[in-house]
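In what follows, a single structure is set out as structure tokens and then discussed.
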Amino acid sequence: MPAEWERQAAVWLSWPHRARTWPGIFRQVPAAYAAFVAAISRFEPVRINCAARLQVRARRACVAAGADLAQVEFFDHPTNDAWCRDHGPIFVQHAGTGEVAVTDWKYNAWGGKYPPFDLDNGIPAAIARRLKLRRFANRMVLEGGSIDVNGEGVLLTSEQCLLHPNRNARFDRAKIEGNLRDFLGVQTVLWVGEGIVGDDTDGHIDDMSRFFRPNGIVSCVESNPRDPNHRILAENWERLQGFRTSAGKKYNLVPLPMPAPVAFQRQRVPASYANFLIINGAVLVPTFRQKRRDAEACEIIGGCFPGREVVPVDASKLIWGLGTLHCLSQQQPAAAEASETPHAAGCCCCH
């Protein structure tokens, strides 16, 4: 699995249409989402899973947001919800030929919390068929937001999520690590502990700690000792300090402050600047209308990615769905020249 900062062919999204994901404010979500589409379209193609019946309104929203429609392509792939990071394919790339393929894991809407999810579970296969990519299926439950990789054989995840009995009750740590190694081409799995408060995914890593280079991790910290995230993030930071690279050195750790607590209808939501999205030439950073903290987060993240434009994206409405930019997206790596010829029809396979 390539690192997110490697060259991308496109970013995949799933158009939002499930009103109960954003109760009370759904009417404001398509415009906020379209602004996200517009931001990506400045830098690379955007491919959107969207049932045909929704596409006219979706295109209209993207036009209103200023998206470059020459960079936006809709696919008639009906979905249950919008969280493409978790229900979309996790792309891998052959280290020798550069061929891009799809890994297709079981998806159960974060432990069966939000049925139905049958359409979402079929998205990786639909994309593999449409792009004529080989597909490797695994019976283990795995969401893209629960893992982060450095592109050189190291994967970062959390115990709360991958070891949760609502995902893979019959799989122990060794079995889970074996699947990750076999299907994503990693050698080392690094485990932190719990996820942040309000995270209904049971501790996704993309709300806490992210690689920004092979030997560097940017990780959330909470300075307020009265905030329940303080202990959680301090314990995870302590674990990160104990990790070593393949060369036996400590990782370069960069602290990323949390936004002030965000709540809707008295429910705290998992607002986090770590949910940024790396794309070709830019990093899109979720912001929460907290001027000082948003600016500080953009500056820190920009320092992690020199040479990339830092683009703030207002996520103050999107977060009511309990996720933001990274949760909503899945990058497709660029194929090497030798492997851009499509496979013959019928060559998609399931192992």
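Given (1) in contact with a helix residue (DSSP H, G or I) (Cβ under 9 Å, 6 or more places away or on another chain); (2) assigned to a strand (DSSP E or B), identify the lone condition not met by residue 78.
Against the list (1) in contact with a helix residue (DSSP H, G or I) (Cβ under 9 Å, 6 or more places away or on another chain); (2) assigned to a strand (DSSP E or B), residue 78 comes up short only on (2).
Give me the pairs, please: first residue somewhere in the stretch 200-227 and without any contact (Cβ under 8 Å) to a residue 24 or more places away in the chain, second residue anywhere and among the β-branched types (Val, Ile, Thr) and assigned to a helix (DSSP H, G or I), beta-carbon distance under 7 Å, and either six or more positions apart or on two chains.
Pairs found: none.
For residue 165, indicate whether it is surrounded by fewer than 18 Cβ atoms within 10 Å (Cβ to Cβ) and farther than 20 Å from residue 180 by Cα.
no
Which condition breaks for residue 274 when tested against (1) surrounded by fewer than 20 Cβ atoms within 10 Å (Cβ to Cβ); (2) under 19 Å from residue 330 (Cβ atoms); (3) small (Gly, Ala, Ser)?
Here residue 274 clears every test but (1).
Taking interchain pairs and intrachain pairs at least six residues apart, which have beta carbon atoms under 7 angstrom, with the first residue in the stretch 172-187 and without any contact (Cβ under 8 Å) to a residue 24 or more places away in the chain and in a helix (DSSP H, G or I) and the second among the polar types (S, T, N, Q) and surrounded by fewer than 18 Cβ atoms within 10 Å (Cβ to Cβ)?
Final answer for the pair search is 181/187.
What residue, among those in the stretch 220-246 that are at pLDDT 95 or above and among the small types (Gly, Ala, Ser), is nearest to residue 207 (Cα to Cα)? Before you say what the answer is, go through the steps one by one.
Quick first cut of the stretch 220-246, residues at pLDDT 95 or above only: 220-245.
After this cut, where a residue has to be among the small types (Gly, Ala, Ser) as well, the list is 223, 234, 242.
Values: 223: 16, 234: 14, 242: 20 Å.
Restricting to residues being at pLDDT 95 or above and among the small types (Gly, Ala, Ser), the top hit is 234.
Would you mention how many residues in the stretch 152-162 are surrounded by fewer than 24 Cβ atoms within 10 Å (Cβ to Cβ) and under 15 Å from the mean Cα position of the chain (by Cα)?
Matching residues across the stretch 152-162 total 1.
So that you can scan it fast, the table gives a plain yes or no per residue for (1) among the β-branched types (Val, Ile, Thr); (2) within 24 Å of residue 153 (Cα to Cα); (3) part of a loop (DSSP other than H, G, I, E, B):
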| site | (1), (2), (3) |
| --- | --- |
| 3 | no, yes, yes |
| 29 | yes, no, no |
| 37 | yes, no, no |
| 44 | no, no, yes |
| 57 | no, no, no |
| 98 | no, yes, yes |
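In the stretch 1-36, how many are hydroxyl-bearing (Ser, Thr, Tyr) and surrounded by 22 or more Cβ atoms within 10 Å (Cβ to Cβ)?
Result for the stretch 1-36: 2.
Within the stretch 1-55, count every residue that is without any contact (Cβ under 8 Å) to a residue 24 or more places away in the chain and hydrophobic (A, V, I, L, M, F, W, C).
Summing the residues that are without any contact (Cβ under 8 Å) to a residue 24 or more places away in the chain and hydrophobic (A, V, I, L, M, F, W, C) in the stretch 1-55 gives 2.
Among the listed residues 39, 64, 32, identify the single one that is among the small types (Gly, Ala, Ser), modelled with pLDDT of 95 or more, more than 30 Å from residue 112 (Cβ to Cβ) and under 19 Å from the mean Cα position of the chain (by Cα).
Of the residues listed, the single one that is among the small types (Gly, Ala, Ser), modelled with pLDDT of 95 or more, more than 30 Å from residue 112 (Cβ to Cβ) and under 19 Å from the mean Cα position of the chain (by Cα) is 39.
The values are calculated or read from the model by the stated rules, or taken from the named source; none is laboratory data. In this text, all values refer to a predicted model and were calculated from it rather than measured experimentally. All Cβ positions, glycine included, derive from the backbone under ideal geometry; neighbour counts span all protein chains shown.
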